[in-house]
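Before any comments, here is the structure.
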Amino acid sequence: MTIKLEDYEHGKKYPGDYDADLAALQERLAKVQVAHIIHNKRSVILFEGWDAAGKGGIIKRMTADWDPRYYDVWPISAPTKEELDHHFLWRFWTRLPAGQDIAVFDRSWYGRVLVERVEGFCSEKEWKRAYDEINAFEAQQIDAGTNLVKLFIHVTQEVQDKQLAERLDTPWKRWKTGKDDYRNRARREDYLDALKSMFKNTDTRWAPWKVIDGNHRKAARIEALTYVAETLEKLVPMDMPDADPEVVKLAREAFGYTPPA
């Protein structure tokens with residue numbers, strides 16, 4: 001089914017108990033992380049979206065109850081000189097998760113067909129070729145046992161402007177906005193064209209896109225976390241092993257431990 005961003009602009013308020021439902025989702029996600037550790041699984045959770053769409057807030061709440069030893073958040077910005085000297089996917093290969101780990105990408109390799117395309121940081125030949133390169137890259141990761149979850153956070157121009165103004169008005173948020181936000185804002189139509197092509201060419205059977213209506217912050221967070229939890233619960237074994245008999249024996253000898261009936 002063709003992805004149309006105009007279908008994700010309702011901005012409906014979250015109808016439930018946000019705090020209670022968020023806490024329940026964070027508990028589910030904590031168990032998902034434990035399942036990764038126990039079963040030696042690895043996953044990539046990738047976020048794309050407009051500037052000030054709420055990606056950071058979603059990631060912050062998604063990882064709130066995670067053990068920091070077993071996940072990384074990679075905020076992707078402009079490539080370094082060393083990275084530019086390699087194929088554009090090289091810097092992402094170096095950030096892929098090992099066994100037991102989850103890698104969260106705040107922006108990703110899709111920069112090649114979005115900002116690099118729109119701003120002319122690569123040639124037309126390069127960004128057109130990138131669709132096949134990205135699809136092959138993602139297929140390689142999945143074939144090798146890495147789970148991949150891709151989300152795009154969509155907001156209207158009106159909502160984006162409101163969030164940009166809030167960042168300027170709030171001293172503790174001003175660091176999150178800069179000139180690039182307004183350069184990108186001025187080319188929204190070009191980005192919409194690039195996004196249309198991106199979804200058409202990379203919304204694959206093995207690595208589908210999930211678009212989140214980000215026009216109401218709380219509803220977007222619940223929808224995004226629910227999607228991540230439900231997707232990974234299907235991909236990662238959620239059964240837990242019995243306690244090690246040798247450890248149970250040691251606990252019995254140490255302090256009289258008795259397993260529950």
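Check M240 against each of (1) open to solvent by 90 Å² or more (accessible area, probe 1.4 Å); (2) over 30 Å from S43 (Cα atoms) and name the one condition it does not meet.
Of everything listed in (1) open to solvent by 90 Å² or more (accessible area, probe 1.4 Å); (2) over 30 Å from S43 (Cα atoms), M240 misses just condition (2).
Can you list residue pairs whose Cβ atoms sit under 9 Å apart, with the first residue in the range 76-105 being in contact (Cβ under 8 Å) with a residue 60 or more places away in the chain and on the phi > 0 side of the Ramachandran plot and the second being surrounded by fewer than 17 Cβ atoms within 10 Å (Cβ to Cβ) and of a type in the set (S, T, N, Q)? Count only pairs 6 or more apart in sequence or on different chains.
Cβ pairs passing all conditions: Q100/N40.
Residue check, N147 against (1) over 25 Å from L29 (Cα atoms); (2) in contact with a helix residue (DSSP H, G or I) (Cβ under 8 Å, 6 or more places away or on another chain), all met but one. Which one?
Exception for N147: condition (1).
Could you tell me which residue of the range 203-216 is farthest from E6 (Cα to Cα), considering only residues that are more than 16 Å from the chain's Cα centre (by Cα) and touching a residue at least 24 places away in the same chain (Cβ under 8 Å)?
Among those residues, the one meeting the criterion is W206.
Kindly provide the set of residues from the range 16-47 that are open to solvent by 80 Å² or more (accessible area, probe 1.4 Å), touching a residue at least 24 places away in the same chain (Cβ under 8 Å) and over 30 Å from D143 (Cβ atoms), ordered by number.
E27
For the structure I just gave you, tell me whether A194 is open to solvent by less than 50 Å² (accessible area, probe 1.4 Å), within 25 Å of K13 (Cα to Cα) and either in contact with a helix residue (DSSP H, G or I) (Cβ under 7 Å, 6 or more places away or on another chain) or free of Cβ contacts under 8 Å to residues at least 40 places away in the same chain (or both).
Spelling it out, it is not the case that A194 is open to solvent by less than 50 Å² (accessible area, probe 1.4 Å), within 25 Å of K13 (Cα to Cα) and either in contact with a helix residue (DSSP H, G or I) (Cβ under 7 Å, 6 or more places away or on another chain) or free of Cβ contacts under 8 Å to residues at least 40 places away in the same chain (or both).
So which of D85, D101 is of a type in the set (D, E) and open to solvent by 40 Å² or more (accessible area, probe 1.4 Å)?
Of D85, D101, the one residue that is of a type in the set (D, E) and open to solvent by 40 Å² or more (accessible area, probe 1.4 Å) is D85.
Is it fair to say A220 is open to solvent by less than 30 Å² (accessible area, probe 1.4 Å), out of contact with any helix residue (DSSP H, G or I) (no Cβ under 6 Å at 6 or more places or on another chain), touching a residue at least 40 places away in the same chain (Cβ under 8 Å) and within 28 Å of I102 (Cβ to Cβ)?
yes
Here is a yes/no grid of residues against (1) within 17 Å of L232 (Cβ to Cβ); (2) modelled with pLDDT under 95; (3) touching a Pro at 6+ places or on another chain (Cβ under 9 Å):
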site	(1), (2), (3)
R42	yes, no, yes
I45	yes, no, no
D51	no, no, no
R69	no, no, no
I76	no, no, no
L84	no, no, no
L89	no, no, no
P97	yes, no, no
Q100	yes, no, no
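Can you pull out the residues in the range 139-182 that are acidic (D, E) and open to solvent by less than 30 Å² (accessible area, probe 1.4 Å)?
Hit for the range 139-182 is D181, nothing else.
Does the range 123-138 contain at least one residue that is open to solvent by 10 Å² or more (accessible area, probe 1.4 Å), over 24 Å from L225 (Cα atoms) and aliphatic (A, V, I, L, M)?
Yes.
Give the number of residues within the range 37-53 that are of a type outside the set (D, E) and out of contact with any strand residue (DSSP E or B) (no Cβ under 6 Å at 6 or more places or on another chain).
Total satisfying the criteria: 7.
The values are calculated or read from the model by the stated rules, or taken from the named source; none is laboratory data. Bear in mind that the values here come from a model prediction, so they are computed numbers and not experimental data. We place every Cβ from the backbone using ideal geometry, glycine too, and count neighbours over all the protein chains shown. Protein only, heavy atoms only, side chains kept; ligands, DNA and RNA dropped before computing areas. Shrake-Rupley method; radii C 1.70, N 1.55, O 1.52, S 1.80 Å.
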